[in-house]
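I have placed the structure first, in the form of C-alpha cells, so that the comments after it can refer back to it.
The values are calculated or read from the model by the stated rules, or taken from the named source; none is laboratory data. What you see is a predicted model; the values in this text were computed from it and never measured. Heads up, the Cβs are rebuilt from the backbone with ideal geometry, glycines too, and the neighbour counts pull from every protein chain shown. Each accessible area value is taken on the protein alone, full model and side chains, heavy atoms only, with ligands, DNA and RNA left out. Shrake-Rupley method; radii C 1.70, N 1.55, O 1.52, S 1.80 Å.
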Amino acid sequence: MCSDRKKTVFWKVDAICPDPEIIRQAGLILRRGGLVAFPTETVYGLGANALDVSAVEKIFTAKGRPQDNPLIVHVSGVDPVYEYTSFVPQKARLLMEKFWPGPLTLILPGNGKIPEKVSGGLPDLAFRMPDHAVALALIKEAGVPVAAPSANLSGRPSPTAAGHVLADLEGRIDVILDGGPSGMGVESTVLDMTGDIPAILRPGGITPGRIRTVTGAVILDGTLLDNGETPPRPRSPGMKYRHYAPSAPLVLVEGSPDMVMREIIKLAGDYTRRGKKVGILCRDGQQDRYPGLTICAGTDDDPASVAAALYAALRLFEGTGVDIILAEGVEARGMGLAVANRLRRAAGGNIIKVRHNQGIPTFTNNESQEE
Ligand code: TXA
Ligand code: MG
C-alpha cells in the first residue's frame, strides 16, 4: 500500500533578506493548496491558503488538530482585515497602527468571505501581521491571506526552530522554510475586539499594560492562569486544550525565588529517594545549585528570556528519560503573564505555591496578576 506521506523539502532562508526565488517557489506552493511552514517572530507557523478549504483541511490533518480550534489568518498589511471583516472598531485600527507588524492577534467579526473551516465555525476571525521578513515576503508572494497555526503536532510545544517543525511534521507537509530561531518564543497575544472592552483570550508577546496604553481598558479572560485541566469554557477555543502534556509529569513551583529553589531541592530529594529520575527546569546560572539533570531557560530578572528558551527546553527534556520535571515558576506580570500561562498549562494540576513562612505548600490555581 502506498502511504500518504509526502516529501517535505527543507529550505534555508535568510531571516532578514530572504532569497526571492525561494519565496517565489514557496508562495506558489501555498497558492496551489500546499502547506508551508515558515518562521515568525513568535514561533514557526504552518501556512495554507485561507481561501482554499481543502488546503485548510490539510492543516488540521497534518497537525492532528481538533476541528473546532480556529486558525489565525496571517496578513502582510492591514487591507485584508478590511476586506474580510464586517466591522473594524476604532480601537482595533489604533492597535494595528501601533503593534503591527507584531505579536498581536485581533479577533474581529468576519463577513463570510473566508471559509468557515478557518474559524472552526465561529462568526469571528483572528488576524495577525507577523513581524518577520520571511513571513511577510511569503504572504505577499502568495497573494492570499494565509491561515497558520503553530507548526507543531497538536499537543506538543510550539516550534521555535525549524528542527522542531521537522521533528513533528516531516512527511506531512510540503515545505519548511528555515529562517533560524524565532526570537520571542511564545505565541502572539490574542485579543478579542468584538465586545465593548477588548479582552485578552491568550496572553503573549504584547502585554496587557502595552495594550492598555492604546485602548484605555482591557479585560483578562478569567481562565488565563488556570492549570489547563478543567478550564471553565475559555472564549478562545484553543485554550481549552491541554496545550503541552510533557511525556514526564511537570510540577511547577511558584513563589519567591529562594523559596522555590528550596522546595525544588527538597522535592528532588524525595523523588530521587523513591527511585525516580528527576529533571529540573531552572534559570541560567542556577544549574550548579540543583542536584541531577538541569535544563536552563532564561534569567530570573527577564521573563522575555524565559519565553525565548522555554519551548526548546521542554522539548529537550523528552530525550532525557526523566520521570518527573520540576520547574521554577515566573511571576505572572508583564511578559511573565504569557510564560506563567504556558507553564501552568504544561503542569496540568501540579502547581505548588510557596511563600515565606507559609508552612506546607498546597496545590492551587492562582489568581492572575498583571502589569
Ligand atoms: O504567534 C502566534 O500566534 C502563532 C504564529 C504562527 O503566528 N500562531 C499560533 O496559532 O499560535 P495557534 O493556532 O497555535 O493558536 C491560535 C489561537 C488558538 O488558541 C485559537 O483558539 C485562537 O488563537 N483563535 C483563533 N481564531 C479565533 C477566533 N476566531 N476566536 C477565538 N479564538 C481564536
Ligand atoms: Mg498552537
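Brief remarks on what is shown
- Only one of L281, L267 that is under 24 Å from the mean Cα position of the chain (by Cα) and open to solvent by less than 70 Å² (accessible area, probe 1.4 Å): L281
- Residues in segment 204-256 that are within 16 Å of ligand 2 (Cβ to nearest atom) and open to solvent by 40 Å² or more (accessible area, probe 1.4 Å) were compared, and the one that is modelled with the highest pLDDT is A245.
- Residue within segment 63-70 that is surrounded by 24 or more Cβ atoms within 10 Å (Cβ to Cβ), out of contact with any Gly (no Cβ under 6 Å at 6 or more places or on another chain) and part of a loop (DSSP other than H, G, I, E, B) present: no
- In segment 166-196, the residues that are more than 16 Å from ligand 2 (Cβ to nearest atom) and either within 11 Å of the chain's Cα centre (by Cα) or open to solvent by 30 Å² or more (accessible area, probe 1.4 Å) (or both): L166, E170, D174, P181, G183, T194, G195, D196
- Single condition G348 does not satisfy, out of (1) open to solvent by less than 10 Å² (accessible area, probe 1.4 Å); (2) modelled with pLDDT of 95 or more: (2)
- Positions within segment 83-105 being in a loop (DSSP other than H, G, I, E, B) and surrounded by 17 or more Cβ atoms within 10 Å (Cβ to Cβ), in sequence order: Y84, V88, P89, W100, P101, G102, P103
- Test: residue in segment 23-30 that is of a type in the set (S, T, N, Q), under 29 Å from A161 (Cβ atoms) and modelled with pLDDT of 95 or more: yes
- Qualifying residue in segment 36-58 (condition: in a loop (DSSP other than H, G, I, E, B), over 15 Å from L136 (Cα atoms) and open to solvent by less than 60 Å² (accessible area, probe 1.4 Å)): yes
- Hits in segment 148-165 - residues which are of a type in the set (S, T, Y), within 10 Å of ligand 2 (Cβ to nearest atom) and either open to solvent by 30 Å² or more (accessible area, probe 1.4 Å) or in a loop (DSSP other than H, G, I, E, B) (or both): S154, S158
- Pair list, Cβ < 8 Å and 6+ apart or interchain, from segment 104-122 residues that are touching a residue at least 12 places away in the same chain (Cβ under 8 Å) to residues that are of a type in the set (D, E) and in a helix (DSSP H, G or I): K113/E83; K117/E57
- Boolean, K63 is of a type in the set (K, R) and away from ligand 2 (no atom under 16 Å from the Cβ): no
- Residue within segment 324-338 that is away from ligand 1 (no atom under 16 Å from the Cβ), more than 23 Å from the chain's Cα centre (by Cα), among the basic types (K, R) and not in a strand (DSSP E or B) present: no
- Scanning segment 108-120 for residues that are open to solvent by 20 Å² or more (accessible area, probe 1.4 Å) and either more than 22 Å from A55 (Cβ to Cβ) or among the polar types (S, T, N, Q) (or both) yields P109, N111.
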